[in-house]
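The values are calculated or read from the model by the stated rules, or taken from the named source; none is laboratory data. Just so it is clear, the structure is predicted and the values come from calculations on it, not from any experiment. Glycine also receives a Cβ, built like all others from the backbone with ideal geometry; neighbour counts cover every protein chain displayed.
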2 protein chains.
Amino acid sequence: MAQKPNWILICTASVIFLIIGTKLFNRSKHVYNLFFTYPFLFIKGILIGRYGINNNKDAESPEKAKMSAMVMEELSASNIGEYLKYLSSVPNLAGTPQDLEVASWVRDRFIKGGLDEAHLVPYKVLLSYPDKNNPNQVSLLDSNGKVNFTTSGRQTPLFSSEEFSPLVQPNFNAYSANGTVEGDLVYANYGRKQDFEYLRSIGIDIRGRIVIARYGAIFRGNIVKSAEDGGALGVILFSDPKDFAPEGRSSVYPNTTRLPGMAVQSGSVLLGYGDPLTPLYPALEGAYRLPETEAPLPKIPVQPIGYDEAEILLRSMSIDNPAPEDWQGGLNTTYFLGSKSTQRKWTVRLQVRMTQKLATAYNTIGILYGREEPDRYVLVGNHMDAWTLGGIDPASGTSVLIEMARTFGHTKEKSNWRPRRTLMFCGWGAEEYGMIGSYEWAEEHAKVLIQRAVAYINVDSAMEGNYTLKSQTVPSLYSVIREAAKMVPNPNPAEVEAGRRTVFDTWLAANPDPKDPTQPRIGNLGSGSDYTVFSHVLGVPSIDVYYDYQEKAGSYPLYHTLYETYHAVANLMDPGFKYHLAVARLMAELTLSLGESVILPFDVPSYASFLEQDLAKIESRYKDVAITNGATFEHFRKAVAHFRNATEYFTNNIIPRLDLTNPLAVRKINDQLMQLERGFVDPHGLPGRPEFNHIVFAPSSVDKYSSDTFAGLVDLFKTVGNKTEAEQPGTWRQIKQHLSAISFLIGAAADSLREGF
Amino acid sequence: MAQKPNWILICTASVIFLIIGTKLFNRSKHVYNLFFTYPFLFIKGILIGRYGINNNKDAESPEKAKMSAMVMEELSASNIGEYLKYLSSVPNLAGTPQDLEVASWVRDRFIKGGLDEAHLVPYKVLLSYPDKNNPNQVSLLDSNGKVNFTTSGRQTPLFSSEEFSPLVQPNFNAYSANGTVEGDLVYANYGRKQDFEYLRSIGIDIRGRIVIARYGAIFRGNIVKSAEDGGALGVILFSDPKDFAPEGRSSVYPNTTRLPGMAVQSGSVLLGYGDPLTPLYPALEGAYRLPETEAPLPKIPVQPIGYDEAEILLRSMSIDNPAPEDWQGGLNTTYFLGSKSTQRKWTVRLQVRMTQKLATAYNTIGILYGREEPDRYVLVGNHMDAWTLGGIDPASGTSVLIEMARTFGHTKEKSNWRPRRTLMFCGWGAEEYGMIGSYEWAEEHAKVLIQRAVAYINVDSAMEGNYTLKSQTVPSLYSVIREAAKMVPNPNPAEVEAGRRTVFDTWLAANPDPKDPTQPRIGNLGSGSDYTVFSHVLGVPSIDVYYDYQEKAGSYPLYHTLYETYHAVANLMDPGFKYHLAVARLMAELTLSLGESVILPFDVPSYASFLEQDLAKIESRYKDVAITNGATFEHFRKAVAHFRNATEYFTNNIIPRLDLTNPLAVRKINDQLMQLERGFVDPHGLPGRPEFNHIVFAPSSVDKYSSDTFAGLVDLFKTVGNKTEAEQPGTWRQIKQHLSAISFLIGAAADSLREGF
């Protein structure tokens, strides 16, 4: 073993050296570099050469630890609270004057916060609005056609003055078709594929009828799509008290965070991504726009209602077919499925009046240019538009974003420091309608982003509750988020008392990874927020973080309702904004890791492990049927093994030999790390889904919110089922083609890590 | 004006400084850089800052001029001659053992020449072979069905011993369909679209008949496609003596370079690109392969014959319809078109027996890693496979390629020098069949090449004659090729005597640019050789060079025949290999410009000029019809204007302010220059041609060999003709969509040159 050097001496000397250097030369980077950074790096290089020390910590910029402490300290919970108060004070639906006001205000905050520049970026896109004066309605008609009951179409203001704003829209689902339909009801539980299949299996046909279904399990647009495909006339959606007000009607907003009976979850039912009229291309001036009839919009009307009103409708239903046990909900009635043949005792009339129109959505992009690699970008983003007041979604995230921008801007101004790479703070427009602002922007700048974007860090609702951190990301960022979570003090006093000092500790305790219980569980990216285009189309390693509300999946009760107010956040959900602060600190730490480390902290062998595990799962499920039909996993398996070897060799042999004093050699390694994720992008798209390109991660084809791994392949296997090649040659051919594409892309990604060509 | 510095003093000091540094420190790059390069660059930076001097010359590496002189001197005509002798000694058809032998030999030359590494890269692809023992035949049958004449199916050896090789194949067109067809002849001139239209216009139907057409105007595959689309049963191709033996039968090979009467031009009739069974993906082990029936292969048989035999067939034709004046050829007979209704006096029988099979094509890739930017590649390539002996096509180019590799390798070994960037020397396999080796390799390494390839320099036949240099490239490389041509001494003594000392001088005199007669004309890249995939799919700036045979377009007479021998090259076409040497020098100079300049020598405002001129042309032709049908050039025009401004600003404001001492700042600028060409790549392909992605340059859709600008758009305008939007809504929609895509991509390319994000 080599003799241990006198570390304390070397480090102290280096730090003194650097501090003197900074003081003396802070106005002249080159002179400074010449006298201080270069010799420093040179000495470091000798140390590395001699002692072979070069783990991620060593490859971190000498500034990283110092800046991390400084930034952690600077982030302010009270600032976050102030931003949130402003942001949630007025409804700012995408495309409205209030939305522009908020986007401009965010831009001003970015500038005042010290960023180098900040701009509004407008796109003219198809948005969808209800008729302010004629709310959409659901009515109950008796057998004589007489209207017995009609929904109010609006939520009742309950507490905060801003709930009374005349700008609050009546209840609607964006992009619902217009029209009036009449039919009897069929209850479809959560509207999942299996729910509709169950109805079909017991002989209940939805054709010519109106589907009523509960929110909370899958993306609402997929419920509507299944109903439409099954021939339903329309869809009514409601939030069941079992999921949204489990303690009953007396324990709801404004006293608790539970859902009152007339509260309605707004939301888009668009199944596409980005502006519906300009798929794959940005909605710039002069862009070709599809005829609206060809956009991926529902062809049937859909309307959300509160559970008080849902109860009235459910009570009117035929009592022939009681719903199964687990379809029963929290309303004071037995839930029935509907009759097997259409009945005319009670008919429901659904009247929807929407305007689909071109409107301008604004992104706000703020930039802090990097010191050494201004053309490498770490992006941090959240959307700015809200369905109504958006106290949580998105103001909690936007407030964190603004405070991060201010903190980095301030640190730059105070200490003449800049991060190694450029930081971009992105406020997205019209996310709620279908990630429109982020999609159009990413489509516009696709090539530059593919070249230069190191990572995208997404927050949406920064906190939905105080249960635990949750995160979805790609395997190469697992260690980055875990390490960052260890740096953030636990915002929950009870947890601290229980000995869990950091965000990481609670995360691990609450949500251990079943595959490795020594680590907290990390999810895969679906399509719930603005990371979609970055991850699944461009192949930019992306990460989504938030503090979650409960153990099981599902949104916090007030999600997308009128009652996402400052009161709900400041008094009920996060008094003192401690959880907000924790998320801000976590994101700042992530940003510093990605923006400041000399070598990008991407753990590429983790990706190999992930692929190995996922392949094993897919193989165990589909290998036999594949072999029987002439398809093989052999090349897929070889490619993953090759990928394993390449990532190990890169990590254990190439990186340690890197000459850290050579900026272009460091850039080469970082480009390889950055581009590895792009390797999984098939420019020709997934089978039948040309809008998605990432072969490993894609939104589920039956639930836009959730993620499937190797979705292209698994979807095909599901489609083909037990059919043989002779019975379904087309699908088997697609399976073979996609297996071939997957094997090629994984192998090519591995090759991109080679030392030479 | 600023005071002039004492240049001589500064330069002399710098050079002495550098030389001392090189001597003292040539074993330790870092120390050397620290003491010499950095201060040198620093001083240079001050000079630039003070005097604003930073044209391309200044941004060249200090090594460039020295290395250029050294390389020019080292390149050897006699080496080229020796390689050519070996390469043309045995037929090396793709996929045969001789082909592998040549590829291995090239690899060995690369290694011995001093490259860092060289590898064979195999791909299993669909190739096509005649039946060695049963040549394809064309027979003439009288009205009783009696065979009066049958073609020999082979070329007669005339002079060199290698012409007698038992490995010489009978005459064939690769990928011809198999089968025997019978019918009377229709003469279709050069088989261009307008030729078939003319036949149709005068009432001559090709359905159920055999087309006979002349080689020489367009790609033979397009002739076959038109015949097939028109319902013909088969195609016979011949080389007319008017084009290929203008001095008559007495003045032909082996006495001159003109075509003897039984000589046959082989060639592929594949209309696709790359391996026909693996479009868009590389033909790796385990790749999915299309059923052969779905590959873009002709459905009718086609066979090439010599003009002696063509004369017999033409003389048998019905004398009803004499061909027009300009359809008449050099044979001793009047050329007739064929009769208006099928006649049975003489019938032609076409018997084709081909084997389409998977065979292995080999690329040879040799690498000389770069000194400072090993992950930036300048590629130089030529194919290695030949139809027969391939003395010109490809041995002239391969010999030049090998000599270049040896020269750079030798220079590295002799002077411990490496180019700034990595040089890759690429010998391609199976180019003749359809650019298969280069396509599969570029498909395999697409992402790495998009990231890292600076440029691709192509040579195919290095010299076809001694008339003048010709070159096709993209506008940003116009100045590079022109400057390089000025550095190369004129190989033609008569031209030197006429005062034209350089290759450039003859080029300018022989072929001035009609748009700017002070410059030689440069063509656009079609799809005649291996640059296709680099330029038109990946967007790597590519350049093709060769010494041409004559003023007008068309191949040298011996092209693709048995008589492309060493004798033809060494004794008839280029005694002393002076023209070969000139092309080698030119390519070496190009390679050094691209591989050694600190700032890439891309002239981006030239691209703006090109787009402006081309847009003006298209607008003047199609503007009115566009406006009438609701399409507009407005955004296209705006995008080009924006592109103009961006390229000017980049060149005049950003580059001169560049800190040349900052390697990452230089890299940023170079990446922007390199990526500009990628900006023209639409990942979604051209309308109806998903295999092509470059919006500005693509092969013509009616002639694979030639180039169309904005082919996607122009093809649509041609398709729609005078039809209104009401009459052809689909095409007008495509026009609007593509105009939108073009405008977006040009604008985005311009934006990629911005200083900040």
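Out of curiosity, is A:M463 among the aliphatic types (A, V, I, L, M) and more than 14 Å from chain B (Cβ to nearest Cβ)?
Spelling it out, A:M463 is indeed among the aliphatic types (A, V, I, L, M) and more than 14 Å from chain B (Cβ to nearest Cβ).
For the stretch A:111-152, name all the residues that are assigned to a loop (DSSP other than H, G, I, E, B), surrounded by fewer than 20 Cβ atoms within 10 Å (Cβ to Cβ) and within 14 Å of another protein chain (Cβ to nearest Cβ). Talk me through it step by step, then tell me what you get.
At the first step, the residues of the stretch A:111-152 found to be assigned to a loop (DSSP other than H, G, I, E, B) are A:113-116, A:131-136, A:142-146, A:151-152.
Those left that are additionally surrounded by fewer than 20 Cβ atoms within 10 Å (Cβ to Cβ): A:114, A:116, A:131-134, A:142-146, A:152.
The answer is A:D116, and nothing else.
If you check B:Y281, B:Y273, which single one turns out to be of a type in the set (F, W, Y), within 14 Å of chain A (Cβ to nearest Cβ) and in a loop (DSSP other than H, G, I, E, B)?
Going through B:Y281, B:Y273 in turn, just one is of a type in the set (F, W, Y), within 14 Å of chain A (Cβ to nearest Cβ) and in a loop (DSSP other than H, G, I, E, B): B:Y281.
Does B:T293 satisfy the criteria of being within 14 Å of chain A (Cβ to nearest Cβ), on the phi < 0 side of the Ramachandran plot, free of Cβ contacts under 8 Å to residues at least 24 places away in the same chain and of a type in the set (V, I, T)?
yes
Could you tell me how many of the residues in the stretch B:143-181 are hydroxyl-bearing (S, T, Y) and in contact with a strand residue (DSSP E or B) (Cβ under 7 Å, 6 or more places away or on another chain)?
Going through the stretch B:143-181 one residue at a time, the tally reaches 5.
Can you find even one residue in the stretch A:419-433 that is basic (K, R), assigned to a loop (DSSP other than H, G, I, E, B) and either buried (at least 24 other Cβ atoms within 10 Å of the Cβ) or at pLDDT 95 or above (or both)?
For the stretch A:419-433, residues basic (K, R), assigned to a loop (DSSP other than H, G, I, E, B) and either buried (at least 24 other Cβ atoms within 10 Å of the Cβ) or at pLDDT 95 or above (or both): present.
Quick one: which residue in A:L401, A:L358 is at pLDDT 95 or above and surrounded by 23 or more Cβ atoms within 10 Å (Cβ to Cβ)?
A:L401
Mind checking whether some residue in the stretch B:481-495 is in contact (Cβ under 8 Å) with a residue 40 or more places away in the chain and either within 14 Å of another protein chain (Cβ to nearest Cβ) or under 30 Å from B:P683 (Cβ atoms) (or both)?
Checked against the condition, which is being in contact (Cβ under 8 Å) with a residue 40 or more places away in the chain and either within 14 Å of another protein chain (Cβ to nearest Cβ) or under 30 Å from B:P683 (Cβ atoms) (or both), the stretch B:481-495 yields at least one hit.
What's the number of the only condition in (1) closer than 25 Å to B:K736 by Cβ; (2) touching a Gly at 6+ places or on another chain (Cβ under 9 Å); (3) not hydroxyl-bearing (S, T, Y) that A:P301 fails to meet?
The number of the failed condition is (1).
Of all residues in the stretch B:501-547 being part of a loop (DSSP other than H, G, I, E, B) and among the hydrophobic types (A, V, I, L, M, F, W, C), which is surrounded by the fewest Cβ atoms within 10 Å (Cβ to Cβ)?
Initial filter on the stretch B:501-547 (part of a loop (DSSP other than H, G, I, E, B)): B:501, B:511, B:514-515, B:521-522, B:524-530, B:539-541.
Among the residues that remain, those that are also among the hydrophobic types (A, V, I, L, M, F, W, C) are: B:522, B:525, B:540.
Numbers: B:I522: 19, B:L525: 26, B:V540: 25.
It comes out as B:I522.
What is the residue count in the stretch A:350-384 for residues that are aromatic (F, W, Y) and assigned to a loop (DSSP other than H, G, I, E, B)?
Number of matching residues: 1.
In the set A:G203, A:G208, which member is out of contact with any strand residue (DSSP E or B) (no Cβ under 8 Å at 6 or more places or on another chain), assigned by TED's automatic domain parsing to the domain that holds A:P322, at pLDDT 95 or above and on the phi > 0 side of the Ramachandran plot?
A:G203
Quick check on the stretch A:382-390. Is at least one of its residues crowded, with 24+ Cβ neighbours inside 10 Å and within 11 Å of another protein chain (Cβ to nearest Cβ)? Lay out the reasoning, then the answer.
Our first condition is that a residue be crowded, with 24+ Cβ neighbours inside 10 Å; within the stretch A:382-390, this holds for A:382-390.
Still in the list and also within 11 Å of another protein chain (Cβ to nearest Cβ): none.
Within the stretch A:382-390 (the criterion being crowded, with 24+ Cβ neighbours inside 10 Å and within 11 Å of another protein chain (Cβ to nearest Cβ)), the answer is no, since none of the residues qualifies.
Tally time: how many residues in the stretch B:746-757 are small (G, A, S) and outside any loop (DSSP other than H, G, I, E, B)?
Result for the stretch B:746-757: 4.
Out of (1) free of Cβ contacts under 8 Å to residues at least 24 places away in the same chain; (2) within 30 Å of B:V533 (Cα to Cα), what's the single condition that is false for B:N652?
Only one criterion is unmet by B:N652, namely (2).
Does the stretch B:551-567 include one or more residues that are at pLDDT 95 or above, surrounded by 24 or more Cβ atoms within 10 Å (Cβ to Cβ), among the aliphatic types (A, V, I, L, M) and assigned to a loop (DSSP other than H, G, I, E, B)?
yes
Test of understanding: among A:T719, A:T709, which residue is over 27 Å from the mean Cα position of the chain (by Cα) and not assigned by TED's automatic domain parsing to the domain that holds A:S527?
Being over 27 Å from the mean Cα position of the chain (by Cα) and not assigned by TED's automatic domain parsing to the domain that holds A:S527 holds for just one of A:T719, A:T709, which is A:T719.
Can you work out which of the residues in the stretch B:568-597 that are surrounded by fewer than 24 Cβ atoms within 10 Å (Cβ to Cβ) and either touching a helix residue (DSSP H, G or I) at 6+ places or on another chain (Cβ under 7 Å) or in contact (Cβ under 8 Å) with a residue 40 or more places away in the chain (or both) is farthest from B:S165 (Cα to Cα)?
Going through the qualifying residues, I end up with B:S597.
Anything in the stretch B:385-397 that is part of a loop (DSSP other than H, G, I, E, B) and either among the small types (G, A, S) or within 14 Å of the chain's Cα centre (by Cα) (or both)? List them, or say none. Walk me through how you get there before you give the answer.
Going through the stretch B:385-397, the residues part of a loop (DSSP other than H, G, I, E, B) turn out to be B:385-394.
Answer for the stretch B:385-397, where residues must be part of a loop (DSSP other than H, G, I, E, B) and either among the small types (G, A, S) or within 14 Å of the chain's Cα centre (by Cα) (or both): B:A386, B:G390, B:G391, B:D393, B:P394.
For B:A283, which of the numbered conditions (1) crowded, with 20+ Cβ neighbours inside 10 Å; (2) more than 30 Å from A:I735 (Cα to Cα) fails to hold?
Among (1) crowded, with 20+ Cβ neighbours inside 10 Å; (2) more than 30 Å from A:I735 (Cα to Cα), the lone unmet condition for B:A283 is (2).
Of a type in the set (S, T, Y) and farther than 28 Å from A:G391 by Cβ: is that true of A:S143 in this structure?
yes
Kindly provide the set of residues from the stretch A:456-478 that are among the aliphatic types (A, V, I, L, M) and not in a loop (DSSP other than H, G, I, E, B), ordered by number.
Within the stretch A:456-478, A:I457, A:V459, A:A462, A:M463, A:L469, A:L477 qualify.
Return the residues of the stretch A:504-552 that are out of contact with any Lys or Arg (no Cβ under 9 Å at 6 or more places or on another chain) and free of Cβ contacts under 8 Å to residues at least 40 places away in the same chain; say none if nothing qualifies.
A:D516, A:P517, A:T518, A:K552
Given the structure, is A:V459 outside the structural domain of A:S706 (by TED's automatic domain parsing), of a type in the set (V, I, T), out of contact with any Ser or Thr (no Cβ under 7 Å at 6 or more places or on another chain) and in contact (Cβ under 8 Å) with a residue 60 or more places away in the chain?
So A:V459 fits the description; yes.
For A:V696, only one of the following conditions fails: (1) modelled with pLDDT under 95; (2) crowded, with 21+ Cβ neighbours inside 10 Å. What is its number?
So the condition that A:V696 fails would be (1).
Scan the stretch B:363-393 residue by residue and report those that are within 22 Å of A:R754 (Cα to Cα), touching a Leu at 6+ places or on another chain (Cβ under 7 Å) and among the charged types (D, E, K, R).
B:E372, B:E373
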